[in-house]
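This report concerns only the one structure given below.
Bear in mind these aren't lab numbers, they're just calculated from the coordinates by the rules spelled out. Only a predicted model underlies this, so the values are computations on that prediction, with no experimental measurement involved. Here the Cβ positions follow ideal geometry from the backbone for every residue, glycine too, while neighbour counts run over all protein chains shown.
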Amino acid sequence: MKSVLLAAFTLILSLQSFSQTKSKSDSLINAIMHDQDATAPQNEGISLIKSNNFSGANTFFSNQIANDPTNTNAYLNRGVTQWQMNEPANACKDWSALLALGDTAAFKLLDGKCHGQMIVEKDTLPKSVYHKLFSEKKDSKSMNDNSGAMTFVEEMPEFPGGDKALLSYLASNLKYPASAKSKNIQGTVVINFIVSSQGTILFPYIKKSLNAECDKEALRVISNMPKWKPGKQNGKATLVRYNLPVKFEL
């Protein structure tokens, strides 16, 4: 009898926890929808979202993106639509495109919904967005400098075990893409990412590209790294932006 009561109590707690998590998760989406400008060109799509016509909204924003691949509002709202349609991977791709276009509003979405990772694949982003992300030189007004992360701190973040362990991790986990190997492609991919105050790797993206396959593999390996020792400023753990070269050598 006690075990039955315990199981029932555990189930109630689990349901309460799920409800609280869902409510917290939905609050971010609700806040985004609340902030939408009613006079904006995408108002029709927003109305479709609010009326739960997600399929219609998805079509609306997809058409906007087809007409203008740099339309940040369309990426933002199509991502919201896809999230509501239980398609989180597609939502994260759209919010990754949003960040690639330099809109730092995507940081909160990627952090809260996508485990702090950008999804950047050439076949899922319009060519203009992919080019901007992988080829365009970042300047002081780019997304690279608007996250609140510091570039230099008193105690820089560190891979667990130090530089030697980091090199060992890369050597053990990096898989040379077969297509790049067959074409004798060699060189370095530079990945830029943020080390959070908890040591988590956030928002990795390509700062220096080699080729699509090597870029994707470098992102995969960096995204799967274990937690780092966080950087500190004035004795407090803080966000730190970090560049890491990943070498492909035959």
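Need the full-extension length gain, Ala66 to Lys227, defined as separation in residues times 0.36 nm minus the C-alpha distance. One decimal, nm.
Working: separation 161, 0.36 × 161 = 57.96 nm, distance 3.84 nm.
The Ala66-Lys227 span can extend by a further 54.1 nm.
In the structure shown, do any of Lys113/Lys247; Lys175/Lys227; Lys181/Lys229; Lys113/Lys236; Lys181/Lys207 have a Cα-Cα gap over 24 Å, and if so which?
Working: Lys113/Lys247 30 Å; Lys175/Lys227 21 Å; Lys181/Lys229 34 Å; Lys113/Lys236 26 Å; Lys181/Lys207 22 Å.
Violating the 24 Å limit, Cα to Cα: Lys113/Lys247; Lys181/Lys229; Lys113/Lys236.
Quickly work out the Asn53-to-Leu166 label distance, labels modelled 7 Å from Cα along the C-beta direction, and quote it in nm with one decimal.
Once both label points are built, they end up 5.2 nm from each other.
What spacing in nm lies between the two simple spin-label points modelled at Val190 and Lys216, each 7 Å away from Cα in the Cβ direction?
So the two model labels end up 2.4 nm from each other.
Check which residues have an amide H placed less than 5 Å from Lys207's amide H, if you skip close sequence neighbours.
Under 5 Å from the amide H of Lys207 lie the amide H atoms of Val190, Ile191, Asn192, each far enough along the sequence or on another chain.
Excluding Lys175 itself, what net charge comes from residues whose Cβ is under 12 Å from its Cβ, given Lys and Arg +1 and Asp and Glu -1? Intermediate values should be presented prior to the final figure.
On the way: positive: Lys181, Lys216, Arg220; negative: Glu213, Glu217.
Every neighbour counted, the sum reads +1.
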